[in-house]
Amino acid sequence: MMMKLKVCGMRSSENINELIKLNPDFIGFIFHEKSPRNVIELPQVVIPKNIKKTGVFVDKSLEFIQEKAQQFGLDYIQLHGNETPKYCDELKTKGFKLIKAFNINADFDFEQTKDYESYCELFLFDAFGKQAGGNGITFNWELLQKYKGNTPFLLSGGINNTMVKNVLDFNHKKYKGIDINSGFELKPALKNIEMIKEFKAKLNNNKMNYHANEDGFYGKFGGAFIPEMLYHNVAELKANYLEIINSEAFQEEFKDLLKHYVGRPTPLYYAKRLSAKYKTNIFLKREDLNHTGAHKINNTIGQILVAKHLGKKRIIAETGAGQHGVATATVCALMNLECIVYMGEVDIARQAPNVARMKMLGATVKPAISGSKTLKDATNEAIRDWIANPEDTYYLIGSVVGPHPYPDMVARFQAIISKEMQVQLAEKTGRNYPDKIIACVGGGSNAAGAFYHYLDNENVALIAVEADGLGVATGETAATTQVGTEGIIHGSKTLLMQNSEGQITEPYSISAGLDYPGVGPLHAHLFKTGRGTFLGATDAEALDAAFELTQLEGIIPALESAHALAALKKLTFKTNENIVVNLSGRGDKDMEMYIKILNTKQ
Ligand SMILES: Cc1ncc(COP(=O)(O)O)c(C=O)c1O
């Protein structure tokens, strides 16, 4: 999020001229006689257009506001008194952009903000104080978690230069920035510009960005490193994906299908017996209950709609465990589009039920017979196909991997997981974020979705679990962050398993979905910056965890998800912590393996 900065209570021309150099988003002028910052004379300054001039008023007549707005060329009107929605309506009708301020304490009823929604561009949440603002008092920002409205807001009240971390850590999806005033003053209406400058720099420096930039980079990872022959396809997608997915038509169809076809929202289930065992509060995000049995369908629904918007007729995909292949074949059947799924020969053998499902859904399953005959080889085949059929074909990638814009696009589609979690946690725990989120990482799409809305909330520990296979030390592993180095795979700069000559080495895991020699660039960035904690679970630990969940909660997890569950044994918890494990899929496809284990136990 680009944090908006409003500096309020300005008066002196010289001081304003200095402030302009810092390029705040809003400069506020207070027109209220009782305020020591009351403005009477017009400051002699030219304020650039991109800085919005805001007039602050307390219960003034419409005529007074109109007069000041004209005199001062105000862009925004901020209302700090008991102005009614009807009064706001009148101002809006006259063409003013409004900010309505509310004074917040524990008794504040957020219902009252609803009536102002349609008239205001922004709300400003301030502390209660003797004066209508500029009191230097802060309030408990967590009270704002009760605010469920759609209007974005600025935080205000006693913010000073010691509060960089508080400002950055506060998390609310409608939080757009801050309003500073008395905390940065030499005397009323005279700001300490050096102090604001330092504060702004700290906000910018401390703000580690976990989202892709325009070129698809997460820090130094990501980008689009592709052969020239793919350039056109990728450029076409890059140029259009945001406009398509942000369009109303797309969002309507996407949400409708997620609800009625996929069965979302998936429950956030409090696992009572598992919680008792680990002496903490464990919630399972039930992606296993999605249509087709895993989180993969969130992404395929999104991408098939993108493909349709781009006018593509033929869909290609690669798959490891078969879950993404099934999810792709499913949406192609739904949309009546041709579907070709590339799958390693080894994976075809170990995921027979999913192969049958894809075929029944009308897809052609093409075996990849080179290399290890697993996911990376299937990926190579899919890319070859795309190069050969650039015009009519859409490559539907199944994880947060591949050239930009795929990692960002897939993360956006999977972000529905953490979006729902925010609402469900608020209902169940009174707080919209957990202490820890645990998710398995193959390419990293279920983890990206479960982390997405918490990436910037440092109160939430993000725990990614890779497949250690037979153990990292054995070399028979898929734990990319542990054994991998920087390089390019699948068109993206990231961490991958490679030898000294840059050749990709064979990963190994019992779980076909985690058996991938790279991680998406977001995860490489989370790993390198320390924002994510990366753990591993061996085959044996994952199997144990799968049986444990089945016996304690009556839920048979996918082998991939069992890796996330296995991390419970590796972490320490406090009794009052809230933990979410993203249960990415159900275990039906892995029954053959589970039956083998059952037979050895007898
Ligand atoms: C159930 C399940 N979970 C997790 C994964 C791993 O993929 P990702 O890391 O993209 O979530 C897969 C991949 O097929 C899967 O089927």
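The values are calculated or read from the model by the stated rules, or taken from the named source; none is laboratory data. All values derive from a computational prediction rather than experimental measurement. Positions of Cβ are backbone-derived with ideal geometry, glycine not excepted, and every protein chain shown enters the neighbour counts. Only protein heavy atoms, including side chains, enter the accessible area calculation; ligands, DNA and RNA are left aside. Shrake-Rupley method; radii C 1.70, N 1.55, O 1.52, S 1.80 Å.
Beta carbons closer than 7 Å, at least 6 apart along the sequence or on distinct chains, pair a first residue in the stretch 443-472 that is at positive phi and more than 9 Å from the ligand (Cβ to nearest atom) with a second that is of a type in the set (S, T, N, Q) and assigned to a strand (DSSP E or B) for 469/538; 471/538.
Table: residues versus (1) surrounded by fewer than 16 Cβ atoms within 10 Å (Cβ to Cβ); (2) outside any strand (DSSP E or B).
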| site | (1), (2) |
| --- | --- |
| 6 | no, no |
| 9 | no, yes |
| 14 | yes, yes |
| 17 | yes, yes |
| 28 | no, no |
| 33 | yes, yes |
| 42 | yes, yes |
| 46 | yes, yes |
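Starting from residues that are open to solvent by less than 10 Å² (accessible area, probe 1.4 Å) and in a helix (DSSP H, G or I), keep the ones in the stretch 187-240 and report whichever is farthest from residue 4 (Cα to Cα). Applying the filter and picking the extreme gives 230.
Residue check: is residue 349 away from the ligand (no atom under 14 Å from the Cβ) and closer than 23 Å to residue 368 by Cα? Here the answer is yes, as residue 349 does meet what is asked. Can you find a residue in the stretch 344-367 that is open to solvent by less than 60 Å² (accessible area, probe 1.4 Å) and among the hydroxyl-bearing types (Ser, Thr, Tyr)? Among the residues of the stretch 344-367, not one is open to solvent by less than 60 Å² (accessible area, probe 1.4 Å) and among the hydroxyl-bearing types (Ser, Thr, Tyr), which makes the answer no.
Could you tell me whether residue 567 is hydrophobic (A, V, I, L, M, F, W, C), within 24 Å of the chain's Cα centre (by Cα), more than 12 Å from the ligand (Cβ to nearest atom) and assigned by TED's automatic domain parsing to the domain that holds residue 425? The answer is yes for residue 567.
Sort out which residues of the stretch 241-257 are of a type in the set (A, V, I, L, M) and surrounded by fewer than 17 Cβ atoms within 10 Å (Cβ to Cβ), and write them in order of number. Passing the criteria: 242, 249. Filtering the stretch 310-328 to residues that are under 26 Å from residue 560 (Cα atoms), more than 11 Å from the ligand (Cβ to nearest atom) and not in a helix (DSSP H, G or I) leaves 315, 316, 317. Exactly one residue out of 114, 68 is open to solvent by 40 Å² or more (accessible area, probe 1.4 Å), in a helix (DSSP H, G or I) and out of contact with any Cys (no Cβ under 7 Å at 6 or more places or on another chain): that is 114. For the stretch 550-564, the set of residues classified as surrounded by fewer than 24 Cβ atoms within 10 Å (Cβ to Cβ) and under 28 Å from the mean Cα position of the chain (by Cα) consists of 555, 556, listed by residue number.
Please determine whether any residue of the stretch 409-424 is basic (Lys, Arg), crowded, with 20+ Cβ neighbours inside 10 Å and touching an Asp or Glu at 6+ places or on another chain (Cβ under 9 Å).
Within the stretch 409-424, none of the residues are basic (Lys, Arg), crowded, with 20+ Cβ neighbours inside 10 Å and touching an Asp or Glu at 6+ places or on another chain (Cβ under 9 Å).
Checking each residue in the stretch 330-343 for being assigned to a strand (DSSP E or B) and surrounded by 24 or more Cβ atoms within 10 Å (Cβ to Cβ) picks out 339, 341, 342, 343. Taking first residues from the stretch 253-274 that are closer than 26 Å to residue 567 by Cβ and in the same structural domain as residue 550 (by TED's automatic domain parsing) and partners that are open to solvent by 80 Å² or more (accessible area, probe 1.4 Å) and of a type in the set (A, V, I, L, M, F, W, C), the Cβ contacts under 7 Å between residues at least 6 apart in sequence or on separate chains come to 266/289; 267/289. Considering the conditions (1) at pLDDT 95 or above; (2) hydrophobic (A, V, I, L, M, F, W, C); (3) within 16 Å of the ligand (Cβ to nearest atom); (4) under 24 Å from residue 589 (Cβ atoms), residue 360 is excluded by exactly one of them, (3).
Just for the stretch 445-496: of the residues that are open to solvent by 10 Å² or more (accessible area, probe 1.4 Å) and among the aliphatic types (A, V, I, L, M), which one is farthest from residue 376 (Cα to Cα)? It comes out as 461. Of the residues making up the stretch 267-309, those that are within 16 Å of the ligand (Cβ to nearest atom), among the basic types (Lys, Arg) and either assigned to a helix (DSSP H, G or I) or open to solvent by less than 10 Å² (accessible area, probe 1.4 Å) (or both) are 285, 296.
Among 513, 518, which is the only one that is open to solvent by 20 Å² or more (accessible area, probe 1.4 Å), closer than 30 Å to residue 384 by Cβ, within 15 Å of the ligand (Cβ to nearest atom) and touching a helix residue (DSSP H, G or I) at 6+ places or on another chain (Cβ under 8 Å)? Write out each step before concluding.
Values: 518 fails: open to solvent by 20 Å² or more (accessible area, probe 1.4 Å).
Result of the check over 513, 518: 513.
Checked against the criterion of being away from the ligand (no atom under 16 Å from the Cβ), closer than 27 Å to residue 347 by Cα and among the hydroxyl-bearing types (Ser, Thr, Tyr), the candidates 481, 485, 429 yield just one match: 485. Kindly provide the set of residues from the stretch 571-602 that are among the charged types (D, E, K, R), open to solvent by less than 70 Å² (accessible area, probe 1.4 Å) and assigned to a loop (DSSP other than H, G, I, E, B), ordered by number. Selection gives 577 alone. Residues of the stretch 159-186 that are closer than 13 Å to residue 3 by Cβ and of a type in the set (S, T, N, Q): 166, 171. Scanning the stretch 521-539 for residues that are open to solvent by 30 Å² or more (accessible area, probe 1.4 Å) and touching a helix residue (DSSP H, G or I) at 6+ places or on another chain (Cβ under 7 Å) turns up 527, 535.
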